[in-house]
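Here's the structure, in structure tokens; my notes come after.
Laboratory data are not the source of any read-out in this text; all were calculated from the coordinates shown. A quick note: this is a predicted structure, and the numbers were derived from the prediction, not measured. Neighbour counts are summed over all protein chains in view; Cβ atoms, including those assigned to glycine, are modelled from backbone coordinates with ideal geometry.
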Amino acid sequence: MNLADARDIAAPRTAVWAAILDPEVLKACIPGCKELAGTVDEGFEAVVVQKVGPVKATFKGQVDVSDIVEGQSLTLTGQGKGGPAGFAKGAAKVSFADTAEGGTLLTYDVEAKVGGKLAQLGSRIIDGFTKKLADQFFERFQDGLEDPTDADDVEEDEEKPKKGWIGRMLG
């Protein structure tokens, strides 16, 4: 299953780049992620709980960041085994470009594969689920960079950029 899309994020590319490399940000953005430990250089060990149709499984696996071109692009690769439910693996090639408004155009191309009981659900269910997961990850990522999470953080001065939870977390 392949999926390509883009998001226009109202945050500078340097902030978007720093966020995508932060393990706490990745953990918060990966749907169903219960644990994520490791580093960009060595990879991350992850525990993710997901329900696909009637199959609910806990996937234990690895998330790697590769093909890093500083500030421009990278590849996020994940694979996990969910016991009797089967396995899932996928990769997202992510690119970053400045926009005329001072934001960042984030484009991604996702490829995913499943096996075991999950594969028996049929491609229509798997394709829809994969699209939903990718959309949730990048939506959480975008919202975390753009949206203030509570009224106390909203700046009245329109000249100052508003920080979402990722922006506050990164400083």
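For the chain, the mean residue ellipticity at 222 nm estimated from helices alone is -8000 deg cm²/dmol, where every DSSP H run of n ≥ 4 contributes -39500 (n - 2.57) and the total is divided by all residues, rounded to the nearest 500.
For the pair segment 60-139 / segment 3-36, the C-alpha centres are spaced 12 Å from each other. Neighbours of GLU45, meaning other residues whose beta-carbon lies under 13 angstrom from its beta-carbon, give a summed charge of +1 when Lys and Arg score +1 and Asp and Glu score -1.
Once the Cβ-Cβ distance of LYS81 and LEU21 is raised to the sixth power relative to R0 = 22 Å, the FRET efficiency obtained is 0.30. Rounded to whole numbers, the Karplus 3J(HN,Hα) couplings from phi for segment 69-80 are 10, 2, x, 10, 6, 6, 10, 9, 10, x, 8, x Hz, using 6.51 cos²θ - 1.76 cosθ + 1.60 with θ = phi - 60°, and x at Gly and Pro. Classify segment 1-63 from the C-alpha gyration tensor, please: rounded if a/c falls under 1.5, else prolate or oblate depending on whether a/b exceeds b/c. Cα axes put segment 1-63 in the oblate bin. Amide hydrogen proximity for LYS34: with H placed 1.01 Å from N in the peptide plane, the residues at 5 or more positions away or on another chain lying under 5 Å are VAL47, VAL48, VAL49. Derived scalar couplings between HN and Hα for segment 20-30 equal 5, 9, 8, x, 5, 5, 4, 4, 5, 8, 6 Hz in order, rounded to whole Hz, by the Karplus curve 6.51 cos²θ - 1.76 cosθ + 1.60 (θ = phi - 60°), x for Gly and Pro. Coupling constants for segment 46-57 follow from the phi torsions by the Karplus curve (6.51 cos²θ - 1.76 cosθ + 1.60, θ = phi - 60°), and in residue order they are 10, 10, 10, 10, 9, 10, 10, x, x, 9, 10, 8 Hz; glycine and proline get x. Residues whose amide H comes within less than 5 Å of that of PHE87, counting only those at least five positions distant or on another chain, are GLY82, GLY115, GLY116, LEU118 (H built at 1.01 Å from N in the peptide plane).
Taking the Cα centre of segment 52-110 as reference, the dipole from Cβ charges on Lys and Arg (+1) and Asp and Glu (-1) amounts to some 600 debye.
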